[in-house]
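The values are calculated or read from the model by the stated rules, or taken from the named source; none is laboratory data. The model shown is predicted, which means the values in this text are computed figures rather than measured ones. Note that each Cβ is placed from the backbone with ideal geometry, even for glycine, and that neighbours are counted across all protein chains shown.
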Amino acid sequence: MTVGLVIVSHSARLAEGVAELAGQMAQGRVVIAPAGGTTEGGLGTSVDKILQALRLAASSEGVLVLLDLGSAGMAAEMALELFKQDHDCPVMISSAPLVEGAVVAAVEASIGSPLQAVAEAAAAATTLPKLPATEGQTAEETAPEDGTTEDRT
Amino acid sequence: MPVVERNLVITNKVGLHARPARLLVQTAALFHSQIVLQYGAQTVNAKSIVGVLRLGARCGSTIHLRAEGEDAEEAVRSIEELVQRNFDEEEEGDRPQGESTTGISSETPA
């Protein structure tokens, strides 16, 4: 069993896309349940959808919930309250950025890491640079190229 | 405990980005040995995806692999083979011009 993931987003398509991307990284070893949009199909979050996703991702190892925006946190907490009424599964809600957090958590979960380690990996993803930069190189490399970059476009 | 060390040159186009890093971590995790990667001033646990991504090792860079444990020899061999196989990446040169060369392409099979 591995830690399960719940992807909470205001957009159903965003949640599904993130789940798809993270799923490729997990190679089928992790249950990743998207919970995006409202039950009417609009933009927003749904306690019901999150609750269903929690039930789907529930495992003895626990579940990590990732959010697209902070305002999804309240819905996630409400869903978690309901979930706890009939599940004993440990759940943590992450403040990590959605894409990096989900991808990193998926890999960490795929190698059988415990919930705490998966949550810590996702949190650490907050400071991952988007561009590969070795110390001191970025500034040196990008600064002189600014002009040429403009010319090319 | 046996210690095995090796210098590895990263030769796949995108370097240690998401997908290659994921493969490296998932391979390292198969072994009991303690496995670390050194690149520049950084030393990270090869079983930590955040650590490996943080290295930011690009194509052409040399990373130092060190494994300590009963299965160190096997662990180093597996990781070395993975790196030498360019993480089973498709040859980007075969693609039509203008294709994305990012780590995760829409054409990459799941």
Exercise for the section: Please identify the pairs in which a residue from the range A:3-31 that is farther than 11 Å from A:L66 by Cβ and polar (S, T, N, Q) has its Cβ atom under 8 Å from the Cβ atom of a residue that is at pLDDT 95 or above and surrounded by fewer than 19 Cβ atoms within 10 Å (Cβ to Cβ), counting only partners at least 6 apart or on another chain. Expected result: A:S11/A:L43
Practice task
Assess whether A:V99 counts as being modelled with pLDDT of 90 or more, in contact with a Lys or Arg (Cβ under 6 Å, 6 or more places away or on another chain) and among the β-branched types (V, I, T).
Solution key: no
Exercise for the section: Specify which of the listed residues (A:L54, A:L98) is away from every other protein chain (no Cβ under 14 Å), surrounded by 19 or more Cβ atoms within 10 Å (Cβ to Cβ) and in contact with a Phe, Trp or Tyr (Cβ under 6 Å, 6 or more places away or on another chain). Expected result: A:L54
Handout entry: Criterion: closer than 23 Å to A:G112 by Cβ, within 11 Å of chain A (Cβ to nearest Cβ) and either at pLDDT below 90 or surrounded by fewer than 21 Cβ atoms within 10 Å (Cβ to Cβ) (or both) - qualifying residue of B:R54, B:R58
Key = B:R54
Exercise for the section: Check A:L5, A:L43, A:L56, A:L82 and return the single one that is under 11 Å from the mean Cα position of the chain (by Cα) and modelled with pLDDT of 95 or more. Expected result: A:L5
